[in-house]
Amino acid sequence: TIAVSINISIIQILENGFASRLLNMINDMHLNPENVEIELTESVFSIEREEINTVINELKAAGIKVLIDDFGTGYSSLSYLNDMSVNELKIDRSFIWDIEKNNKNKMISNTIILLAKQLGLKVTAEGVENLEQLTILKEMKCDIAQGYHFSKPVPKERIDEMIH
């Protein structure tokens, strides 16, 4: 199964009727909502938590997964992890790009992974560029890795041939 990830901005999520419009688009595209992920940056959680949580809960009730993108670089108050109903954290690439050489980034990444696991969240590492980084992340029990190690961006015409 292939997941479709959609980056959502603060402005979009706060628009009246956002959840129903998104669900209608997903339906029009004949996508299974369980294969759709929305990615929100930490800054989304710095404002209007109750309103945003209402939208998140509506989307999650339809089967959509909610991810915090670029974790560790934005608002960074851990209290929102307690308040918001998210499925996954995506560790920002700034902690991954030199994880094999920078012990501080290695410790931060490991701490984020441990925290997420304790909260029952999946973890994705962004910006994995080599096998050494991937090996370290596997040892840390990171769930998913993405980055140039696997593929550089490709035109939409090539996606079908890559997955079949």
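Among the residues in the range 120-128, are any at pLDDT below 95, surrounded by fewer than 19 Cβ atoms within 10 Å (Cβ to Cβ) and out of contact with any Asp or Glu (no Cβ under 9 Å at 6 or more places or on another chain)? Yes, the range 120-128 contains at least one residue that is at pLDDT below 95, surrounded by fewer than 19 Cβ atoms within 10 Å (Cβ to Cβ) and out of contact with any Asp or Glu (no Cβ under 9 Å at 6 or more places or on another chain). Out of all the residues in the range 83-105, is one or more free of Cβ contacts under 8 Å to residues at least 40 places away in the same chain and assigned to a strand (DSSP E or B)? There is at least one residue in the range 83-105 that is free of Cβ contacts under 8 Å to residues at least 40 places away in the same chain and assigned to a strand (DSSP E or B). In the range 111-164, the qualifying residues are those that are part of a loop (DSSP other than H, G, I, E, B) and small (Gly, Ala, Ser), and the one that is farthest from Asp69 (Cα to Cα) is Ser151.
Under the condition of being β-branched (Val, Ile, Thr) and over 14 Å from Leu67 (Cα atoms), the residues counted in the range 11-40 number 2.
Of the residues examined, Glu42 is one that is surrounded by fewer than 23 Cβ atoms within 10 Å (Cβ to Cβ), at pLDDT 75 or above and not aliphatic (A, V, I, L, M).
Look through Ile113, Ile8 and report the one residue that is touching a residue at least 12 places away in the same chain (Cβ under 8 Å), under 21 Å from Asp143 (Cβ atoms) and under 17 Å from the mean Cα position of the chain (by Cα). It would help to see each step written out before you state the result.
Details: Ile8 fails: under 21 Å from Asp143 (Cβ atoms).
None of the others qualify; the one that does is Ile113.
The values are calculated or read from the model by the stated rules, or taken from the named source; none is laboratory data. Values in this document were obtained by computation on a predicted structure and should not be read as measured data. A quick note on method: Cβ atoms are made from the backbone with ideal geometry, for glycine too, and the neighbour counts reach across all protein chains shown.
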